[in-house]
Amino acid sequence: MSRPGTPGTQRPTYLLATGTVLALSLALAGCGGGGDKKANAATGSPPPPPSSQPEAQGTAAPGSKGLTTSGSLKKPVTYSDKISVAVSGIRYVKNTAKGPGEIPGRTLTIFTLKFTNGSGKTLDLNKVRVVAKYGPKKTSASPTSYADINDFYGTVPAGGSKSASYAFDLPSSGYKAVMVEVRFDSTHKTAVFAGSLHP
């Protein structure tokens, strides 16, 4: 009989399998949709749990200024299962970023959205899609990565709520007619908000 650690045992195979699992775990640790991605990659630690997105992380927009609205831009949409979505805030800011795809000097319009889960089930926000349109031709506004504030992720427990902000390259010349569409799954109709913005 071979002793542990001597040739002919299964120990090398076990170490190889363990190494593979460890490598896979480290690779997956950097695949989260939120948290500090650079810090996660540097430390190898996993991202925070999806449901723990800090409110400030999802809505912070340094240097932005508030806009007032008319029409139904801020009228919440509530579904039969008591899930509701609302545009809880609208701001604008002059973009000064110089990263890839950023155009300094452009006016960015930031919509803060809030989901409230009045149903008895967990609400999945991993497939939220937000589209902004403006002007008489309903021109699609390009989404931007301003201040890294974009995107809902994770889940909302029954009775809970969560907010996040989305920044678009939506010029002030299009503020007379603005539309925001929010889709989050295949069983609820798209929530549509429409109206005008005023600096």
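Say we look at region 176-188 and pick out the residues that are out of contact with any Ser or Thr (no Cβ under 6 Å at 6 or more places or on another chain) and touching a residue at least 12 places away in the same chain (Cβ under 8 Å); which of these is surrounded by the most Cβ atoms within 10 Å (Cβ to Cβ)?
VAL178
Does LYS98 qualify as being of a type in the set (D, E, K, R), at pLDDT 95 or above and more than 19 Å from the chain's Cα centre (by Cα)?
Criteria not met by LYS98.
Give the residue that is modelled with the lowest pLDDT, with candidates limited to residues of region 80-94 that are in contact with a Pro (Cβ under 8 Å, 6 or more places away or on another chain) and surrounded by 19 or more Cβ atoms within 10 Å (Cβ to Cβ).
Filtering region 80-94 for residues that are in contact with a Pro (Cβ under 8 Å, 6 or more places away or on another chain) and surrounded by 19 or more Cβ atoms within 10 Å (Cβ to Cβ), the one modelled with the lowest pLDDT comes out as TYR92.
Between residues in region 115-138 that are in a loop (DSSP other than H, G, I, E, B) and residues that are among the polar types (S, T, N, Q), which pairs lie under 7 Å by C-beta distance while being six or more apart or on different chains?
GLY118/SER84; THR122/THR155; LEU125/THR155
The values are calculated or read from the model by the stated rules, or taken from the named source; none is laboratory data. Computed from a predicted model, the values in this text were never measured in an experiment. Note: ideal-geometry Cβ built from the backbone for every residue, glycine included; neighbour counts use all protein chains shown.
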